[in-house]
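Take this structure, written in structure tokens, and hold onto it; I'll ask about it next.
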């Protein structure tokens, strides 16, 4: 079964979802229930936390004992993870742009960036090119 190496090499949640769908289809026979359970537990204990990276897997996440449960959890959480990863990239890019343009950033700027949503980060990123100071980047912003 090539599913395990495919899961191990998966970097995107969509890739994991596809393999889980295939596993769910392949392991339908009653004699395969223990293997289904083993895959589900491995996915929930090892692979999902690895995919989550810096996005916490909820502590309240139940122990998953079936691939159908894994499919459901993936469908519910992947969108949130993707949004958070995108925001982290936006924070990192804006920080680099500001550092390149204005040098060392004061703590208030780092805090402001860290606590803002994607729409505000995008607005500030566009202002970097025309602003003459950090104050102008954040003028009238959140």
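The values are calculated or read from the model by the stated rules, or taken from the named source; none is laboratory data. The structure displayed is predicted, hence computed values, not measured ones. FYI the Cβ positions are ideal-geometry reconstructions off the backbone, even for glycines, and counts take in every protein chain you see.
For region 106-115, how many residues meet the condition of being under 14 Å from residue 137 (Cα atoms) and either under 26 Å from the mean Cα position of the chain (by Cα) or in a helix (DSSP H, G or I) (or both)?
So in region 106-115, the residues under 14 Å from residue 137 (Cα atoms) come out as 106, 108-110, 112-113.
If we keep only those that are either under 26 Å from the mean Cα position of the chain (by Cα) or in a helix (DSSP H, G or I) (or both) as well, we get 108-110, 112-113.
Number of matching residues: 5.
Next up: Looking only at region 46-72, count every residue that is part of a helix (DSSP H, G or I), at pLDDT below 80 and more than 9 Å from the chain's Cα centre (by Cα) and tell me the total. Give the derivation first.
Filtering region 46-72 down to residues part of a helix (DSSP H, G or I) leaves 46-52, 67-72.
With at pLDDT below 80 added as a condition, the list becomes 46-52.
Right, trim to more than 9 Å from the chain's Cα centre (by Cα) and you get 46-50.
Here the count works out to 5.
Further question: Among the residues of region 1-39, how many are within 15 Å of residue 78 (Cβ to Cβ), modelled with pLDDT under 85 and not in a loop (DSSP other than H, G, I, E, B)? Steps first, please.
We begin by selecting, within region 1-39, every residue within 15 Å of residue 78 (Cβ to Cβ); these are 7, 10-21.
Within this subset, residues satisfying the condition of being modelled with pLDDT under 85 are 7, 10-17.
Then keep just the ones that are not in a loop (DSSP other than H, G, I, E, B); that gives 7, 13-17.
Count: 6.
Could you run through region 74-111 and say how many residues are in contact with a helix residue (DSSP H, G or I) (Cβ under 8 Å, 6 or more places away or on another chain), closer than 16 Å to residue 135 by Cα and surrounded by 12 or more Cβ atoms within 10 Å (Cβ to Cβ)?
Total satisfying the criteria: 8.
Quick check on residue 129: is it over 13 Å from the mean Cα position of the chain (by Cα) and exposed (fewer than 13 other Cβ atoms within 10 Å of the Cβ)?
yes
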